[in-house]
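Have a look at the structure below before the remarks.
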Amino acid sequence: RAGYYICWGCLVWVPSLYTIHTAFLVNHDYNFKPILAAIQLLFGIASIYLNYDVDRQRQAFRDYNGKVKVWGKDAEYLTASYTTSDGKKHTSMLLYTGWWGQARKINYFFELCAAFSWSMVPAHPGYFIPYFYFVFLFVLLLDRAWRDDARCRAKYGAKWDEYCEKVPYMLIPGIY
C-alpha cells in the first residue's frame with residue numbers, strides 16, 4: 001500500500017519539513033543566548049521523555065490487560081463493547097488514570113511541545129518559516145484528534161460519553 005502520495009511524503013515532504021529549521025538558520029544569523037539554549041534544550045528533552053512515558057504507560061496497560069500500577073495506583077478504566085461490520089463483538093479498555101486521565105490525546109500534546117522546542121531555536125520575530133513544522137503538525141494532530149473523537153463516539157456510544165466525562169480535556173490538560 002505504498003502509493004505515490006505515501007512515497008512522495010516519505011521521500012520529499014518529511015525530509016524537507018524536518019530540516020526547515022536548519023535551512024532557516026543557514027540563511028539567518030541568530031545569536032541564541034546560552035541560557036535560552038539550555039532552557040530550550042531541557043524543554044525539548046523533557047517533551048520527548050514525557051511523550052515516551054505516555055506511550056510506555058499505555059503499552060504497559062495493554063500488555064498486562066489493565067492489571068498494572070499507574071503512578072503507584074491500580075489502573076482505572078472503562079470497558080467498552082462494540083460490534084464490527086462482520087457482526088463480531090469486541091471490547092476495549094479505556095484508561096482514565098495516569099497521563100491518560102489528564103487528556104484523551106495527551107501524547108499529541110507532548111509531541112507538539114517537542115515540535116515547538118525545535119521551532120524555538122531559530123525563531124526570529126516576524127518570520128513564519130521556523131514555526132511552519134509546528135503549525136503544520138498542530139493542524140494535522142488537531143484534525144486527527146477530532147476525527148478520532150468522532151470515530152470513538154460512533155464506536156463506543158454512551159461509554160465514550162462516560163469516558164469523556166472522566167477525561168474532559170482532549171489535548172491540553174486543564175485547557176482543551
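If only residues of the stretch 1-34 that are aliphatic (A, V, I, L, M) and modelled with pLDDT of 90 or more are counted, the one that is nearest to Tyr131 (Cα to Cα) is Val12.
Tyr108 satisfies every condition listed in (1) at pLDDT 95 or above; (2) loosely packed, with under 15 Cβ neighbours inside 10 Å; (3) of a type in the set (Phe, Trp, Tyr) except (2). Within the stretch 141-156, the set of residues being open to solvent by less than 70 Å² (accessible area, probe 1.4 Å) and free of Cβ contacts under 8 Å to residues at least 12 places away in the same chain comprises Asp143, Ala150, Cys152. The helices (runs of 4 or more DSSP H) falling completely within the stretch 1-93 that include 2 or more residues that are surrounded by 13 or more Cβ atoms within 10 Å (Cβ to Cβ) and within 20 Å of the chain's Cα centre (by Cα) map to 34-63. Figure legend. Inter-residue proximity from the stretch 162-176: first residues within 19 Å of Leu141 (Cα to Cα), second residues hydrophobic (A, V, I, L, M, F, W, C) and surrounded by fewer than 17 Cβ atoms within 10 Å (Cβ to Cβ), beta-carbon distance below 8 Å, spacing 6+ or different chains. Indicated pairs: Tyr169/Ile175; Leu171/Leu142.
Leu137: more than 26 Å from Thr84 (Cβ to Cβ), in a helix (DSSP H, G or I) and either among the hydroxyl-bearing types (Ser, Thr, Tyr) or at pLDDT below 95 (or both), yes or no? Walk me through how you get there before you give the answer.
Values: more than 26 Å from Thr84 (Cβ to Cβ): yes; in a helix (DSSP H, G or I): yes; either among the hydroxyl-bearing types (Ser, Thr, Tyr) or at pLDDT below 95 (or both): yes.
In short, yes.
The listed residues are Val70, Val135, and the only one of them that is of a type in the set (A, V, I, L, M), touching a Phe, Trp or Tyr at 6+ places or on another chain (Cβ under 9 Å) and over 28 Å from Leu36 (Cβ atoms) turns out to be Val70.
The values are calculated or read from the model by the stated rules, or taken from the named source; none is laboratory data. Just so you know, these numbers come straight off a predicted model, no measurement behind them. Glycine gets a Cβ as well: all are built from the backbone with ideal geometry, and neighbour counts include every protein chain shown. Only protein heavy atoms, including side chains, enter the accessible area calculation; ligands, DNA and RNA are left aside. Shrake-Rupley method; radii C 1.70, N 1.55, O 1.52, S 1.80 Å.
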